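Trainee: Quick one: structure below, then a few questions.
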Amino acid sequence: PVAWAQQADAPKKPDFATIRKSELAPIDRNDVEKWVNSQIQELFKASSDKELKSQGYEFYRSITQSVRAADATPRYREGVAAILAEAFVNEYKKAPSDRRPLAVVYPLMALNAAAQPTPRIIEAFTLALSEPTPGGRLLGAAGLLAIRGQLNQQQWNALLPALQKAGSDETSGPALARIYELLALPANPTPPVDTTPVVMAILDARLARMAQGNGWPMAADADAIQWLGGRMSTLANPQLQDRAA
């Protein structure tokens, strides 16, 4: 009876096929907010991976199909992205300590589908960089990588310390590769900040751990070193060049 009552009180899934063609009027926005909040809350409260996967995939599919549909308006996509990011950040910060690690994956997958360089979305992906689960960290880095070319100087400056810590601590090869790509992959336009010191700091931290017998180099490290080697001649002073060498 308790479960039936909870289901009866749960917000109804919005008619995405209709409202995605609109500018997301206040009444539609309210319906989407209620449903998204309820869905993410349930994911964080799930007691088993089986129920989490079932609900999570349906949530991800519903969001992705609606924001990627050819008839979805830009205002609708922007609105859904903002709602997703707000709900994820709020629920992530108050989620129970014993939540299922997989709970973050489906909201982050949905956010990746709708990603835009807004402060709340950047915050959501940045929070994911410190997830215990490698998949969550990978999705956080991938989300930032998707909006990399749209970040301004202020956003980059705020993001670099988090990327340096995440890269220095990372133990997953795929997640580390995304962090290096975010910092070192040539982009158009070029980032408005110099990311070389951060790449060097990550390599320093990783090499120090390896020297203590904690871990081994990964393929992503080789890619980062190759990138750094190509930049050595442009570094500001001989000391930096020596450090890079």
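The values are calculated or read from the model by the stated rules, or taken from the named source; none is laboratory data. Keep in mind that this is a model prediction, so the values were computed, not measured. Quick reminder, even Gly has a Cβ in these numbers, built from the backbone with ideal geometry, and neighbours come from all protein chains shown. Each accessible area value is taken on the protein alone, full model and side chains, heavy atoms only, with ligands, DNA and RNA left out. Shrake-Rupley method; radii C 1.70, N 1.55, O 1.52, S 1.80 Å.
Trainee: Would you confirm, using the coordinates I've provided, whether Gly215 is open to solvent by 10 Å² or more (accessible area, probe 1.4 Å) and closer than 28 Å to Arg77 by Cβ?
Mentor: So Gly215 does not fit the description; no.
Trainee: Please determine, by comparing only the residues of region 122-150 that are of a type in the set (Ser, Thr, Tyr) and surrounded by fewer than 18 Cβ atoms within 10 Å (Cβ to Cβ), which one is nearest to Gln164 (Cα to Cα).
Mentor: Among residues in region 122-150 that are of a type in the set (Ser, Thr, Tyr) and surrounded by fewer than 18 Cβ atoms within 10 Å (Cβ to Cβ), the one nearest to Gln164 (Cα to Cα) is Ser130.
Trainee: Hey, another quick one. Hey, among the residues in region 25-34 that are assigned to a helix (DSSP H, G or I) and touching a helix residue (DSSP H, G or I) at 6+ places or on another chain (Cβ under 9 Å), which one's farthest from Pro101 (Cα to Cα)?
Mentor: Checked region 25-34; the qualifying residue farthest from Pro101 (Cα to Cα) is Asp28.
Trainee: Just one of the numbered conditions (1) assigned to a helix (DSSP H, G or I); (2) out of contact with any Phe, Trp or Tyr (no Cβ under 8 Å at 6 or more places or on another chain) is not true of Gln39; which one?
Mentor: Condition (2) is where Gln39 drops out.
Trainee: Quick test of your reading of the structure: Tyr76 fulfils all but one of (1) aromatic (Phe, Trp, Tyr); (2) touching a Ser or Thr at 6+ places or on another chain (Cβ under 8 Å); (3) open to solvent by 30 Å² or more (accessible area, probe 1.4 Å). Name the failing condition by number.
Mentor: Only one criterion is unmet by Tyr76, namely (3).
Trainee: Would you check which residues across region 43-70 are open to solvent by 80 Å² or more (accessible area, probe 1.4 Å), among the polar types (S, T, N, Q) and touching a helix residue (DSSP H, G or I) at 6+ places or on another chain (Cβ under 8 Å) and list them?
Mentor: Gln65
Trainee: Could you please find all residues in region 178-200 being open to solvent by 20 Å² or more (accessible area, probe 1.4 Å) and either among the acidic types (Asp, Glu) or out of contact with any Leu (no Cβ under 9 Å at 6 or more places or on another chain) (or both)?
Mentor: Scanning region 178-200 gives Glu181, Pro186, Ala187, Asn188, Pro189, Thr190, Asp194.
Trainee: So Pro119 ticks every box in (1) surrounded by fewer than 23 Cβ atoms within 10 Å (Cβ to Cβ); (2) under 12 Å from the mean Cα position of the chain (by Cα) but one. Which box is left unticked?
Mentor: Result: Pro119 passes all but (2).
Trainee: Kindly establish whether Ala211 is small (Gly, Ala, Ser) and without any contact (Cβ under 8 Å) to a residue 24 or more places away in the chain.
Mentor: yes
Trainee: Just checking, how many residues over region 28-42 are open to solvent by 30 Å² or more (accessible area, probe 1.4 Å) and over 19 Å from the mean Cα position of the chain (by Cα)?
Mentor: 7
Trainee: Show the residue pairs that are 6+ apart or on different chains and have beta-carbon atoms under 9 Å apart, the first residue being within region 81-109 and within 10 Å of Leu43 (Cα to Cα), the second being buried (at least 22 other Cβ atoms within 10 Å of the Cβ) and polar (S, T, N, Q).
Mentor: Tyr106/Gln39; Pro107/Gln39
Trainee: Just the residues that are open to solvent by 80 Å² or more (accessible area, probe 1.4 Å) and among the small types (Gly, Ala, Ser), please, taken from region 220-233.
Mentor: Ser233
Trainee: Ala5 is checked against (1) modelled with pLDDT under 95; (2) in a helix (DSSP H, G or I); (3) surrounded by 19 or more Cβ atoms within 10 Å (Cβ to Cβ) and fails just one. What number does that condition carry?
Mentor: Every listed condition holds for Ala5 apart from (3).
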